[in-house]
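Have a look at the structure below before the remarks.
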Amino acid sequence: MLTIPFLAELEAIRRDIHAHPELAFKEVRTAAIVADQLNRYGLLVDRGLASTGVVGRLRWGNGGRAIGLRADMDALPLIEKNDCPHRSQNVGVMHACGHDGHTAMLLGAARYLAEHRDALPLDGTVYFIFQPAEESEGGAARMIAEGLFERFPMQTVFGLHNWPGLAVGEIAAMPGPVMAGTCSFEITVFGQGCHAAMPHQGVDTLVVASQLVLALQTVVSRNLHPCAAAVVSVTQIHGGEAWNVIPDDAVLRGTLRSFDAETQATVERAIERLCAGMASTFDARIAVRFDHHYPPTINSEAETELCRQVARDVFGADRLRCDEMPSMGAEDFAYFLREKPGCYVWLGNGPGIGGCTLHNPHYDFNDRLLPLGISYWVRLVETALAGMPGTTAER
């Protein structure tokens, strides 16, 4: 584990970012802090990719090989319920997923590598990618569309996320699917509105919608192989405005999650069949719309093994978790991994305050992770770009 002499300064930066959270594509203040720090460390800095994205560059030798390290910067539209001194000063916006900590750890790695660059026998280039808009807005996809990989050519790309539930000092790295792809759905039931006292004169859309909520729970269990993985959750029901009127229409909304395109298609077809059958049964009309969001996050084999090697070196073999179950949560780092091989790992955040998880109003990033994340990033760069002794670092 590295000794980080500037740890107190880095913790202050993390807490300052936490106190001033910014939503997707509005990370103006955060991006300015990141760019100023990278400039202070002596890196070449590019700004403005995907509006508020920042990319720092550090090169050794000929710089032929290149890797990317990514941290996300955006916060969530959530009212913070912590009473710590660094709680959010932007009411209704909160760092409830640890992106403040991810940003601080990658800044720390950039500083450490810059300060030791002449002593490191490396050959290649590392790009420090500070990405906006991970939470639901697809900042990674926008960075790619605006030329991230053309402007900063890299062979591989790596991501890290803190993970409540894993102990501090533990790290999980699994090949293959690690986070699910996500798709939202909207089901609109069209019936015939009528007086609530005379339901026989209409087609009750709320009865149809209620039947659908229950029927949708059979989609996964009765259409997929028992070992296949998918989730269908109804999260909204909208219909009616008066207590004595059966509404003309009702809307169901929700999410479905899976790890591959075939499973996704099977689930969608099953939902469509259910809706068609329900419409026929109740003499209603039902429209279904799917809106695909993030693809699955799929780690490549070789890069995962590299990260496992690094994790063993930094944390010890007994602290490496190779068999954690993938998460049905989604992550837009998936867009990077569709373009380049790489690996996305989970770094244990401990149980959290009161046992809370990510996206919880009581969540706070555990500052004990800062030296752990920095050590992991630095060792990953040293391993991936190991070169001949005597190579010269360049900015």
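The values are calculated or read from the model by the stated rules, or taken from the named source; none is laboratory data. Every value quoted in this text rests on a predicted model; they were computed, and no experiment measured them. As a convention, Cβ positions derive from the backbone with ideal geometry for all residues, glycine included, and neighbour counts pool all protein chains shown.
Restricting attention to region 289-326, and to residues there that are surrounded by fewer than 16 Cβ atoms within 10 Å (Cβ to Cβ) and among the aliphatic types (A, V, I, L, M), which single residue is modelled with the lowest pLDDT?
Met325
Please work out which one of (1) surrounded by fewer than 24 Cβ atoms within 10 Å (Cβ to Cβ); (2) in contact with a strand residue (DSSP E or B) (Cβ under 7 Å, 6 or more places away or on another chain) is the condition Ile144 fails and give its number.
In the conditions (1) surrounded by fewer than 24 Cβ atoms within 10 Å (Cβ to Cβ); (2) in contact with a strand residue (DSSP E or B) (Cβ under 7 Å, 6 or more places away or on another chain), Ile144 misses (2) alone.
Residues are listed down the side, and each one gets a yes or a no for (1) among the small types (Gly, Ala, Ser); (2) without any contact (Cβ under 8 Å) to a residue 12 or more places away in the chain; (3) under 30 Å from Glu301 (Cβ atoms); (4) not in a loop (DSSP other than H, G, I, E, B):
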position: Val178; (1), (2), (3), (4): no, no, yes, yes
position: Val208; (1), (2), (3), (4): no, no, no, yes
position: Leu212; (1), (2), (3), (4): no, no, no, yes
position: Ala228; (1), (2), (3), (4): yes, no, yes, no
position: Val231; (1), (2), (3), (4): no, no, yes, yes
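Here is a list: Thr392, Thr383. Which entry is modelled with pLDDT of 95 or more and β-branched (Val, Ile, Thr)?
Every option except Thr383 fails the conditions.
Could you grab me the full set of residues in region 191-206 that are in contact (Cβ under 8 Å) with a residue 24 or more places away in the chain and part of a helix (DSSP H, G or I)?
Pro199, Thr205, Leu206
Among the candidates Ala284, Ala276, Ala334, which residue alone is touching a Phe, Trp or Tyr at 6+ places or on another chain (Cβ under 7 Å), under 30 Å from Asp249 (Cα atoms), modelled with pLDDT of 95 or more and not aromatic (Phe, Trp, Tyr)?
Ala284
With the requirement that a residue be assigned to a loop (DSSP other than H, G, I, E, B) and either in contact with a strand residue (DSSP E or B) (Cβ under 6 Å, 6 or more places away or on another chain) or buried (at least 21 other Cβ atoms within 10 Å of the Cβ) (or both), what does region 117-134 give you?
Asp123, Pro132, Ala133, Glu134
Among strands (runs of 3 or more DSSP E) lying entirely in region 1-108, which contain 1 or more residues that are within 23 Å of the chain's Cα centre (by Cα) and surrounded by fewer than 18 Cβ atoms within 10 Å (Cβ to Cβ)?
44-49
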